[in-house]
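Here the structure comes first, spelled out in structure tokens, and everything after it is commentary.
The values are calculated or read from the model by the stated rules, or taken from the named source; none is laboratory data. Quick caveat: nothing in here was measured; it's all calculated off a predicted structure. Note that we place each Cβ from the backbone using ideal geometry, even for glycine, and neighbour counts take in every protein chain shown. Note: accessible area is taken over every heavy atom of the protein model, side chains too, but ligands, DNA and RNA are not part of it. Shrake-Rupley method; radii C 1.70, N 1.55, O 1.52, S 1.80 Å.
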Amino acid sequence: MSFDGQPYKSIFRRQGERTSSAPPSSNISAFASAPSDVPEFDFSPVPTVSKPAPALPPNSFMKTGMSSNSELVGAYPFANTPTDFLSDFSTFDSDHSLIHTNHTGQPTSKNSFYGSFSPSQSPKFEDLQLDGSEPTYKPYMPPKQEYRAAEPVRKRSITDALKQSNPYIPASVVNRAPTPDQAMRVAAILTNLKLNINDDPMKKLEMCIPSLDEVCKDQFGSRFIQEHAPNVKGELRTLLYAKIKEVMPKLMLDPFGNYVVQKFFEISSPKEASSMMECISGRVLSLAKHVYGCRIIQKSLTVLSIDEKLSIIQELYLHVMELIDDQNGNHVIQKIIETVPVPHLEFIVQHVEPHIVDLATHTYGCRVIQRLLEKMPAQRVQFIVDIIMAQFMFFVRDQYGNYVCQHIIQTCSKVLRERIVGLLKGTFLELSVHKYASNVLEVLLLNASQRQNTLIFTEILMPESEVERIFRMRRDLVAADNVLVYIMKDSFGNYVIQKMLQVAKQLPRIWQIRLVDAIKPSLGQLRRFSFGKHIIAKHEALVAVISGR
């Protein structure tokens, strides 16, 4: 490509760049399709001035075994592509771009990214020569490129990491370190709080307002604010709430600052609580899953109006199962169940009901099931109970399901408790030495009626032959081994015996005597066990009840 017999480079020249005068751009057809919305570029062509290759400064290239004045060999690979070339070789190595050498050991030009090119690969090769001379074609060979060491990858900042892991929290929430001046000012304020104990606390609070966020992040400062904030009145209270609202995004995620925010929610009027609610709106989900932020959501649910509670629920409507599975979010779901009226809890029930079995055996899900059993109407409770009762023995032995069983026993009707005793009959010996089921048996002893406890006592103290035979067989007990002694020595069974000694005081005298007599021959053996002393102490207390002392 040429203009009036002069070769030109097909490039875009930056505005303000030093070049020779350019001819009218209308004569250059190569720029007919150039973009017109790039204001920082001047699209006039830059003429190429024929001149010999300049001498390069020493150390311009990596060590390649070549002299510093070697001739540049190569060409720009894409003739008509807008490329920011250098107009002077003296600036060739001024930035940090890659430096390459071709297969002859000579460096290629800066933008010849792939080394030396053959004519077939580079159209209009002759138009791209730097000095306008005829090109010298060389057989193409894969280039041997030498690269400068890559710059180390920049580590992600705290802001980047927080944005990526929790996109709901804006960058302004990140707790950045204070400047040296701020740190000195805060240190002076905290020293004043600690030393001048007898000063007016209201004056100290007023002094803290400009640096309230940093003061609240200090353990002593946080406690001071919580202690004296309830007594603030008038204009100072208005200033304090205005500042709290300003720094709330930072304090909500701070180990000490979150307690200050909770305290202000606790002592706030409805209007002040609504004002603080504005800082929570839009980020409820991220806060609910944060170890400190979830406490703010729980506290707000206890003080906000029903309309504001519903605005919180609206942000969590589609994330119920996600929050139940979260170690922090499950507390928010429990607090919603506790504080929100039943008609507005339907969205939780709809998510939970298809997964009752899974949630009842889940680390956090079992807690949500218990809250629903406490709050929901009888029809909903019966639906959950029926599912649990259908597989009661499975849940009794489960690591987390046993807590649901305990809760049902504590809150259910007498009729349902009678049904539970019937389901467990014949398994009390087995349950008494089970790690999880023994807890259920203890709760059943405390809540059962006299008749129900009599059935349990009978099976443990005087088991049927078949029940005892199966129990002995499963634990390789010989005929000389006493089943009751085995239970008392067991790390879980001893707690069941202690509970029996406790509830026997409400049973008829005959059952008290039977229990005392059954344990008495084994007191010597029990003294050798660490937990045996607890059984002995309760045994002596029951003996005192029998003797009327």
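Per-structure values
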quantity	calculated
Among (1) over 19 Å from residue 333 (Cβ atoms); (2) in contact with a helix residue (DSSP H, G or I) (Cβ under 7 Å, 6 or more places away or on another chain); (3) modelled with pLDDT under 95, the one test that residue 269 misses	(2)
Single residue of the stretch 224-262 satisfying the filter (basic (Lys, Arg) and without any contact (Cβ under 8 Å) to a residue 60 or more places away in the chain) that is nearest to residue 296 (Cα to Cα)	245
Single unsatisfied condition, residue 420 versus (1) open to solvent by less than 20 Å² (accessible area, probe 1.4 Å); (2) in contact with a Lys or Arg (Cβ under 7 Å, 6 or more places away or on another chain)	(2)
Of all residues in the stretch 293-304 being among the hydrophobic types (A, V, I, L, M, F, W, C) and over 17 Å from residue 245 (Cβ atoms), the one that is surrounded by the fewest Cβ atoms within 10 Å (Cβ to Cβ)	301
Residues that are more than 21 Å from residue 398 (Cβ to Cβ) and acidic (Asp, Glu), drawn from the stretch 431-472	459, 464, 466, 468
Subset of the stretch 491-549 (residues that are free of Cβ contacts under 8 Å to residues at least 24 places away in the same chain, in a helix (DSSP H, G or I) and among the small types (Gly, Ala, Ser))	524, 537, 544, 547
Residues that are without any contact (Cβ under 8 Å) to a residue 40 or more places away in the chain and either farther than 13 Å from residue 462 by Cα or polar (S, T, N, Q) (or both), drawn from the stretch 476-485	476, 477, 478, 479, 480, 481
Selection count where residues are open to solvent by 50 Å² or more (accessible area, probe 1.4 Å) and among the β-branched types (Val, Ile, Thr), scope the stretch 305-330	1
Leading residue by the ranking (least open to solvent (accessible area, probe 1.4 Å)) among those in the stretch 526-539 that are more than 18 Å from residue 492 (Cβ to Cβ) and not aliphatic (A, V, I, L, M)	539
Residues that are out of contact with any Lys or Arg (no Cβ under 8 Å at 6 or more places or on another chain) and open to solvent by less than 20 Å² (accessible area, probe 1.4 Å), drawn from the stretch 263-292	264, 273, 277, 280, 284, 285, 286, 287, 288
Residue within the stretch 228-240 that is touching a Ser or Thr at 6+ places or on another chain (Cβ under 7 Å) and part of a helix (DSSP H, G or I) present	no
Selection from the stretch 480-502 of residues that are among the hydrophobic types (A, V, I, L, M, F, W, C), touching a helix residue (DSSP H, G or I) at 6+ places or on another chain (Cβ under 8 Å) and either open to solvent by less than 20 Å² (accessible area, probe 1.4 Å) or more than 18 Å from residue 435 (Cβ to Cβ) (or both)	483, 484, 485, 487, 488, 496, 497, 500, 501
Hey, residue 339 in contact with a helix residue (DSSP H, G or I) (Cβ under 8 Å, 6 or more places away or on another chain) and among the hydroxyl-bearing types (Ser, Thr, Tyr) or not	yes
Failed item in (1) at pLDDT below 95; (2) exposed (fewer than 13 other Cβ atoms within 10 Å of the Cβ), with residue 399 passing the rest	(1)
